1. Measuring from a point 7 Å past the Cα of N107 along Cα-to-C-beta, which residues in the stretch 53-87 have an amide N at less than 15 Å?
2. Angle check, please: helix 48-59 long axis (alpha carbons) against the longest principal axis of the chain (alpha carbons), in degrees 0 to 90, nearest 10.
3. Counting only protein heavy atoms, what percent of the accessible surface of the chain is carbon or sulfur at a 1.4 Å probe?
4. Would you mind checking which residues have amide H under 5 Å from A161's amide H? H placed 1.01 Å from N; only 5 or more apart, or other chain.
5. Below 20 Å, Cα to Cα, which aspartates and glutamates can K101 reach? Residues fewer than 8 away in the same chain don't count.
6. Any idea what diffusion coefficient the chain gets from Stokes-Einstein, in µm²/s, Kirkwood Rh on alpha carbon pairs, 25 °C, 0.890 mPa s?
7. Please provide three numbers in whole Å: the alpha-carbon extents of the stretch 62-119 along the principal axes, with the largest listed first.
8. To test your reading of the geometry: what angle, between 0 and 90 degrees and rounded to tens, separates the Cα axis of helix 126-140 from the longest principal axis of the chain?
Amino acid sequence: MSQSRSSFSVTKDGRYQFDEPVSRETLVAISQSIIREKFSRLDTLRSSDDSKEFVKSEIGDEDKEVFLCIFLDNKNGVISSEILFTGTVSQASVYTREVVKRALELNAVALIVAHNHPSGDSEPSHADIKITTRLKHALALVDIRVLDHLIVGGDGTSSLANLGHL
C-alpha cells in the first residue's frame, strides 16, 4: 500500500516510487518539500546534521547570497525561519540591529544563522567570522544565544560552531 503525492508515491517502508521520469528541478523541489515536511513534524532541530539539512533545503539553491535566521524557543523548537537579507552573487549586507529586533519580536531564546555562497565554496571568510562575532555579542546583551552560523556552498556546509568561532 502506498500514499500518493503528485508524481510519486511512498511505500510502507518509506521508499519513494516515481510514476514517471522527473527532471532535476522537479526532484530538487520534491526533496525540499519532503525536508520541510520532516521539520514541520519534528518542530525541533535536534542536531547539527538536522540544522545543516534544513538550511540546505532553505537556501542551498539560491543564486544570490541570502542570510537566513532560524529563531528557536528554549527547547530548540523552530519559531520561525526567515531570510532577512538578500544580496548579490558575492555578498549580502547583514544588519545586526534588524536581527536583534526580529529575535525580540518573536521572543526567541536562541537562533541559528546561515547564509549561502553561490560560488560553491562553503569555507567561512573573515567577514563571515566578524559578523558572527558581532551578532553573538549583540544578542547576548538581550540573553539570546547564537548556536551556530552555517555556510552552504555547493554540496558542503560549514559550521562556525564546529570550527571554534562561537
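The values are calculated or read from the model by the stated rules, or taken from the named source; none is laboratory data. Since the structure is predicted, the reported quantities are computational estimates derived from the model, not experimental observations. When we count neighbours, we look across all protein chains shown, and the Cβ atoms used for this are built from the backbone with ideal geometry, even at glycine. All accessible areas refer to the heavy atoms of the entire protein, side chains included, with ligands and DNA or RNA removed. Shrake-Rupley method; radii C 1.70, N 1.55, O 1.52, S 1.80 Å.
1. Under cut-off, by backbone N: 72-80.
2. 80
3. Values: 4520 of 9560 Å².
C and S fraction of accessible area: 47 percent.
4. H149
5. D73, E82, D143, D148
6. Values: Rh = 16.9 Å.
Here the translational diffusion coefficient equals 146 µm²/s.
7. Taking max minus min along each principal axis of the Cα atoms, the stretch 62-119 gives 35, 20, 11 Å.
8. Long axis of 126-140 versus the principal axis of the chain: about 80 degrees.
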